[in-house]
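Novice: Before anything else, here's the structure in question.
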Amino acid sequence: MKHKLVMVMLSVALIVSLALVGCVPEAAPEEEEEEEAPVEEVEILKWKIPTGSPTGTYFIGSTAVCRALSNNVDYIHATATPGGGGVSNCRKVNAGEAPFAFCNSAEGYQAYSGLAPFEKIHGNLRSWGTMHALYISWIVKADSPIIALADLEGEKVATGEPGSGDAGSSETILTVAGLYDKIIRIDVGDPESWDLLKLGKADAVIHHTTPPNASLLAFSATCPIRLLEIPDALANDLIAELPYFGQATVAADTYEGQAEDVRVLIIPVMLIINKDIADDVVYDMCTALWANFDDVALTAPFLEGKDLTQILSGISVPLHPGAVRYYEEKGFTIPEAI
């Protein structure tokens, strides 16, 4: 009897053990590890941007633009460097030696069309907006006997460094005025040209900036100056030939020695870029610049109050496709000419 009881208990234990074994879940098959997609490396664009003289609006404005791009586009590191000005900038951007730069609208038009002072068509130029307007006239000492632009005939005139926007504007304006071959040209730009004026080694110096230029204002504190008026007849002739020119007034007392309002020429400053810069890059540049323009104006105060609805006014070369996409998305009407 005792033996049968033991056998029964063993049988029950066996049955329970088998039942429990059946309840243990099967181990889940090991999942194959998914291969991670390779991370695409973004090329960092390290750019040196040519400008103009260290005292001019091209250098200050380009510094502000470079800062906006570097701070707001992860893959762009841009730095402004002093350079030869608008004509030189057009050549460098067209040749791919610089990705973008400033020039004025007349220089951009002349470069793209292959007109003097350019020796060939610069077909790689595109635009991506405009910045400020340059005011153009000539500076003399406040006590100079030179009163009118016509009085520059036979005088020593600093027309700007060769290849600069100063030099280009000097040649264009003074040629139409019939004076370019009747002056003693000094191929020097500011601030060296201001020193020549102060020392009496130059009788007049081109003014090709946005007033009040802080450096020129400081200069006028020790050497009072006047701006020469651009006659309406000359301005009208220039505007008829190059419609990117306009007229404006530099107010009295802008500089020490300037006692009266003076009518001068103005021309827009244009943002030029090489056509081979990728569309997405130019789109990101436009976004970074215009979305952060208040910060840009803090670095370049002459840009304060810029009408951002007029970004496309005065452009003289075709828009880059990346810029076209940006402006169309923002509701701008793209002029047929660009």
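Novice: What are the ³J(HN,Hα) values, in whole Hz, obtained from phi via the Karplus relation 6.51 cos²θ - 1.76 cosθ + 1.60 with θ = phi - 60°, for each residue of segment 318-327 in sequence order, with x given for Gly and Pro?
Specialist: Once θ is set to phi - 60°, the couplings for segment 318-327 become x, 6, 5, x, x, 6, 4, 4, 4, 5 Hz.
Novice: Against the longest principal axis of the chain, how steep is helix 86-95, in degrees 0 to 90 to the nearest 10, with axes from Cα atoms?
Specialist: The answer is roughly 40 degrees.
Novice: Sort 120-129, 82-91 by the packing proxy (mean of other Cβ within 10 Å over each peptide's residues), most packed first.
Specialist: Answer by packing, highest mean first, reads 82-91, 120-129.
Novice: Another question about this same structure. For the residue pair LEU199 and ILE239, what label-to-label distance in nm results when each label sits 7 Å from Cα along the Cα-to-beta-carbon direction?
Specialist: Distance between label points: 4.0 nm.
Novice: Sticking with this structure for a sec: Would you mind working out the magnitude of the charge dipole of segment 45-329 relative to its Cα centre, with +1 at each Lys and Arg C-beta and -1 at each Asp and Glu C-beta, to the nearest 20 Debye?
Specialist: 600
Novice: ILE334 versus ALA150, label points 7 Å from Cα toward the beta carbon: distance in nm?
Specialist: Label-label distance for ILE334 and ALA150, simple model: 4.8 nm.
Novice: Out of residues 5 or more away from ILE186 or on other chains, whose amide H comes under 5 Å of its own, with H placed 1.01 Å from N in the peptide plane?
Specialist: VAL157, ALA158, THR159
Novice: Something else: Amide H to amide H, which residues 5 or more places from ALA80 or on other chains are under 5 Å from it, using H placed in the peptide plane?
Specialist: ILE49
Novice: Here are a few candidate values for Cα Rg over 2.2 N^0.38 Å: (i) 1.66; (ii) 0.97; (iii) 1.03. Which one was actually calculated from the structure I just gave you?
Specialist: (i)
Novice: With the dipole of segment 45-329 worked out from charges on the C-beta (+1 for Lys and Arg, -1 for Asp and Glu) around the Cα centre, which of ASN89, ASN104, PRO301 lies farthest toward the positive end?
Specialist: ASN89
Novice: Against the longest alpha carbon principal axis of the chain, how many degrees, from 0 to 90 and to the nearest 10, is the axis of helix 57-72 turned?
Specialist: So the inclination is approximately 10 degrees.
Novice: Of the lysine pairs in the chain, how many meet both conditions: Cα atoms under 27 Å apart, and a spacing of 8 or more in sequence or different chains?
Specialist: Final tally of qualifying lysine pairs is 21.
Novice: Can you list residues from other chains, or at least 5 along the same chain, whose modelled amide H is less than 5 Å from the amide H of TRP138?
Specialist: Those lying under 5 Å, H to H, from TRP138 are HIS207, LEU228.
Novice: Give me the net charge for the shell around THR79: Cβ to Cβ below 11 angstrom, other residues only, Lys and Arg +1, Asp and Glu -1.
Specialist: Overall, the nearby charge balance is +3.
Novice: Using a Förster radius of 56 Å, what is the FRET efficiency between ALA291 and ALA221 based on their Cβ-Cβ separation? Nearest 0.05, please.
Specialist: Approximately 0.90, to the nearest 0.05.
Novice: Then there is this: Roughly what angle does helix 2-23 make with the longest principal axis of the chain, taking Cα atoms, 0 to 90 degrees, to the nearest 10?
Specialist: So the inclination is approximately 20 degrees.
Computed from the coordinates by the stated procedures, all read-outs in this text should not be read as laboratory data. Everything quoted here is computed from the prediction, not taken from an experiment. Positions of Cβ are backbone-derived with ideal geometry, glycine not excepted, and every protein chain shown enters the neighbour counts.
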